[in-house]
């Protein structure tokens, strides 16, 4: 579903962020992207979401080469993804309902159908009773759940989450992880970057570990892990 | 198709709700558009009505067609037939040499000098003549008509006395040019004002635009509400301008009708001038659309890069 082949990324005037990264993610997988801050986790997710293009190498999303897509086709590629950001990127000038409905508006879904789906999405993240509330009054965890509702409301096949638990305390983070796992169980591919090991211990998930732009993968995690020493196997496609 | 329709409906709803929450500033921008459109419209009206007034005076521009002295009744009939076919002629009448001779004698009856001079002539020196009124008062058209008439066989001379018409037409020409340039300049001003207003709106919506791009919005989706905003500013401003022009015409009409009555005319300005009003509104909408299109296209590329 997502294929990286010898992908490198360098921003103008900076070091190489990603160096010859290759991997393959199939449909329905739950993948963590780990690494210290600045290791290139966010860049990796941006390359998948086509908000950045690789400097060299190819990124294939559903057999489409992202670099070769016309710029007019990129919005349609992005609609396959549900994007979740560490800083939520919620819109604070409108209530929860209006925040979640945004992707459906972009997809041109009719208002009645959209309202149903927004309520279903809010229900899934446990915010159904906060429909009319302004996001600024929500707690950090609730805001992140709202952002998840917005990401899943258009029923994307892939969820991309960039440090979704980064700013949350442990109990909120566990809530969020449980939500992601629930989506993964119904077949949604989840790709999530994180700099801490919390929540990963719950299942035997695949981990892509980045260290200064180099990718190592250890497919099965132990119950407890030390990320700095964990990489065991150099991944090659 | 349904997706497309939904996008448009959503954009219109969004724009209307934004305008409702900013009623005062919306009214201000519409007022600016209205006043700016009002000025060239009034200029246009003034020039247009002056040229209509010259049409009222059409009877003053007459072409006199003098026939050769030896013209026979058959010649006159021939020329009559040619004139009847000419579509540029509004009406014409024939004054035969005998009628002219009689008229001259009648008129000079009271003046002994002239009547004695006429008496000395002995025979009628006057030619048969056609007096022709053209449909148009435009000097160029009249000149062409005069030349056409001049070339009819049997015609001695065609005389057009249209100096004043020429002068007036030149002045009207200047007025038309002035109207054009005022319209063009104000259109540029409006383009800038509407563009700037839309640019400010885009800045306040910057977060929404960024997030929308991230979740797969196309350029046209982002652009649409702003384009509708521009079009609505144009539409409302245009309507406001029409109301103002209508009101101004109404107040002018009181004085104009009074003057007209003094001159025994029923001339007045038309209040309902559908062509002009549609033109004002159409132009305002076009300017609104263009101003916002330019602003939104520039702003979008700036947001995308950042």
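The values are calculated or read from the model by the stated rules, or taken from the named source; none is laboratory data. Treat the numbers as computed from the prediction; the structure is a model and nothing was measured. Positions of Cβ are generated from backbone atoms using ideal geometry, with glycine treated the same way; all protein chains shown enter the neighbour counts.
One table, with the values for the structure above:
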| read-out | value |
| --- | --- |
| Some residue of segment B:84-99 being under 30 Å from residue B:153 (Cα atoms), over 42 Å from the mean Cα position of the chain (by Cα) and without any contact (Cβ under 8 Å) to a residue 24 or more places away in the chain | yes |
| Residues being in contact (Cβ under 8 Å) with a residue 60 or more places away in the chain and loosely packed, with under 15 Cβ neighbours inside 10 Å - total across segment B:179-209 | 5 |
| Some residue of segment A:49-57 being more than 13 Å from chain B (Cβ to nearest Cβ) and within 30 Å of residue A:136 (Cβ to Cβ) | no |
| Residue that is under 20 Å from residue B:168 (Cβ atoms) and more than 14 Å from chain A (Cβ to nearest Cβ), where the choices are B:73, B:46, B:36 | B:46 |
| Residue check for residue B:226: touching a helix residue (DSSP H, G or I) at 6+ places or on another chain (Cβ under 9 Å) and within 14 Å of chain A (Cβ to nearest Cβ) | no |
| Subset of segment A:54-66 [at pLDDT below 90 and under 18 Å from residue A:42 (Cα atoms)] | none |
| Residue identified as in a loop (DSSP other than H, G, I, E, B) and within 14 Å of chain B (Cβ to nearest Cβ) among A:90, A:104 | A:90 |
| Residue selected from segment A:155-183 under the condition in a loop (DSSP other than H, G, I, E, B) and free of Cβ contacts under 8 Å to residues at least 60 places away in the same chain, by the criterion farthest from the other protein chains (Cβ to nearest Cβ) | A:169 |
| Failed item, numbered, when residue A:114 is tested on (1) touching a helix residue (DSSP H, G or I) at 6+ places or on another chain (Cβ under 9 Å); (2) part of a helix (DSSP H, G or I); (3) surrounded by fewer than 20 Cβ atoms within 10 Å (Cβ to Cβ) | (3) |
| Pairs where the first residue, in segment B:228-248, is in contact (Cβ under 8 Å) with a residue 12 or more places away in the chain and the second is not in a helix (DSSP H, G or I), C-beta under 7 Å, 6+ apart | B:246/B:271 |
| Scan of segment B:14-33 for residues that are within 11 Å of chain A (Cβ to nearest Cβ) and exposed (fewer than 14 other Cβ atoms within 10 Å of the Cβ), ordered by number | B:17, B:21 |
| Residue A:152 being crowded, with 17+ Cβ neighbours inside 10 Å and either under 25 Å from residue B:2 (Cα atoms) or away from chain B (no Cβ under 11 Å) (or both) | yes |
| Flag for residue A:85 being in contact with a strand residue (DSSP E or B) (Cβ under 6 Å, 6 or more places away or on another chain), touching a residue at least 40 places away in the same chain (Cβ under 8 Å), at the interface with chain B (Cβ under 9 Å from one of its Cβ atoms) and surrounded by fewer than 22 Cβ atoms within 10 Å (Cβ to Cβ) | yes |
| So residue A:103, is it within 12 Å of residue A:152 (Cα to Cα) and either within 22 Å of the chain's Cα centre (by Cα) or without any contact (Cβ under 8 Å) to a residue 60 or more places away in the chain (or both) | yes |
| Unique residue being in the same structural domain as residue B:15 (by TED's automatic domain parsing) and within 22 Å of residue B:301 (Cβ to Cβ) when the list is B:211, B:189 | B:211 |
